[in-house]
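S.K.: Before I ask anything, here is the structure I am working with.
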(Lines give C-alpha, C1' and ligand atoms only; values in the text may rest on other atoms or scores of the structure.)
Protein backbone atom coordinates (compact mmCIF):
# COMPACT_ATOMS: atom_id res chain seq x y z
CA UNK A 1 0.00 0.00 0.00
CA UNK A 2 1.38 3.32 -1.01
CA UNK A 3 0.11 6.81 -0.52
CA UNK A 4 1.10 9.77 -2.67
CA UNK A 5 2.40 12.67 -0.63
CA UNK A 6 3.37 16.14 -1.76
CA UNK A 7 7.01 16.64 -0.88
CA UNK A 8 9.78 19.13 -1.50
CA UNK A 9 10.53 17.51 -4.86
CA UNK A 10 6.95 16.91 -6.01
CA UNK A 11 4.77 13.89 -5.42
CA UNK A 12 6.47 10.89 -3.86
CA UNK A 13 5.29 7.47 -2.80
CA UNK A 14 5.32 6.88 0.94
CA UNK A 15 4.80 3.42 2.33
CA UNK A 16 1.73 3.24 4.55
CA UNK A 17 1.91 1.66 7.98
CA UNK A 18 0.81 -1.92 8.49
CA UNK A 19 -2.66 -2.28 9.93
CA UNK A 20 -4.28 -5.14 11.80
CA UNK A 21 -7.91 -6.19 11.53
CA UNK A 22 -10.13 -8.63 13.37
CA UNK A 23 -11.64 -11.02 10.82
CA UNK A 24 -14.39 -13.60 11.20
CA UNK A 25 -14.06 -16.21 8.45
CA UNK A 26 -17.13 -18.04 7.19
CA UNK A 27 -16.03 -20.99 5.03
CA UNK A 28 -18.26 -23.00 2.70
CA UNK A 29 -20.40 -19.95 1.84
CA UNK A 30 -22.34 -19.56 -1.40
CA UNK A 31 -20.06 -16.73 -2.62
CA UNK A 32 -16.92 -14.82 -1.68
CA UNK A 33 -17.53 -11.44 -0.06
CA UNK A 34 -16.14 -9.08 2.58
CA UNK A 35 -18.63 -7.47 4.97
CA UNK A 36 -17.70 -4.62 7.31
CA UNK A 37 -19.47 -5.15 10.63
CA UNK A 38 -20.82 -2.20 12.71
CA UNK A 39 -18.03 -2.71 15.29
CA UNK A 40 -15.35 -2.28 12.58
CA UNK A 41 -14.44 -5.93 12.29
CA UNK A 42 -14.62 -7.77 8.99
CA UNK A 43 -16.64 -10.83 8.09
CA UNK A 44 -15.16 -12.70 5.14
CA UNK A 45 -17.41 -15.26 3.50
CA UNK A 46 -15.59 -17.70 1.20
CA UNK A 47 -16.82 -20.61 -0.85
CA UNK A 48 -13.74 -22.74 -0.04
CA UNK A 49 -13.98 -25.42 2.61
CA UNK A 50 -11.85 -25.25 5.76
CA UNK A 51 -9.63 -28.12 4.68
CA UNK A 52 -5.84 -28.01 4.27
CA UNK A 53 -5.71 -24.21 4.48
CA UNK A 54 -7.93 -23.66 1.43
CA UNK A 55 -10.29 -21.33 3.31
CA UNK A 56 -7.36 -19.28 4.66
CA UNK A 57 -6.01 -18.88 1.13
CA UNK A 58 -9.46 -17.78 -0.07
CA UNK A 59 -9.76 -15.32 2.84
CA UNK A 60 -6.42 -13.75 1.89
CA UNK A 61 -7.48 -13.52 -1.77
CA UNK A 62 -10.81 -11.88 -0.86
CA UNK A 63 -9.12 -9.39 1.48
CA UNK A 64 -6.46 -8.54 -1.12
CA UNK A 65 -9.19 -7.73 -3.61
CA UNK A 66 -11.15 -5.74 -0.99
CA UNK A 67 -8.14 -3.62 0.05
CA UNK A 68 -6.63 -3.40 -3.43
CA UNK A 69 -3.27 -4.89 -2.44
CA UNK A 70 -1.22 -7.92 -3.41
CA UNK A 71 -1.94 -11.23 -1.72
CA UNK A 72 1.58 -11.40 -0.30
CA UNK A 73 1.02 -8.15 1.64
CA UNK A 74 -1.65 -9.83 3.79
CA UNK A 75 -0.64 -12.11 6.64
CA UNK A 76 -2.64 -14.08 9.19
CA UNK A 77 -1.09 -13.13 12.53
CA UNK A 78 -3.32 -15.26 14.75
CA UNK A 79 -6.11 -17.76 14.21
CA UNK A 80 -4.96 -19.91 11.30
CA UNK A 81 -6.96 -22.86 12.60
CA UNK A 82 -10.04 -20.98 13.79
CA UNK A 83 -12.71 -18.69 12.41
CA UNK A 84 -11.61 -15.65 14.43
CA UNK A 85 -8.42 -14.27 12.90
CA UNK A 86 -6.18 -11.26 13.23
CA UNK A 87 -4.75 -10.27 9.90
CA UNK A 88 -2.14 -7.69 9.04
CA UNK A 89 -2.30 -5.64 5.83
CA UNK A 90 0.72 -3.74 4.66
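S.K.: Would you kindly identify the strands (runs of 3 or more DSSP E) lying entirely within the range 26-90 that contain at least 2 residues that are crowded, with 16+ Cβ neighbours inside 10 Å?
M.R.: So the answer is 42-45, 74-78, 84-89.
S.K.: May I ask you to say which residue of 48, 29 is at pLDDT 95 or above and out of contact with any strand residue (DSSP E or B) (no Cβ under 9 Å at 6 or more places or on another chain)?
M.R.: 48
S.K.: Six or more apart or on different chains, Cβ atoms under 8 Å: show the pairs whose first residue is in the range 57-82 and within 13 Å of residue 22 (Cβ to Cβ) and whose second is modelled with pLDDT of 95 or more and part of a helix (DSSP H, G or I).
M.R.: 76/56; 76/59; 76/60
The values are calculated or read from the model by the stated rules, or taken from the named source; none is laboratory data. Since we're looking at a predicted model, the values are computed, not measured. Methodologically, a virtual Cβ is constructed for each residue, glycine included, from the backbone with ideal geometry; neighbour enumeration extends over all protein chains shown.
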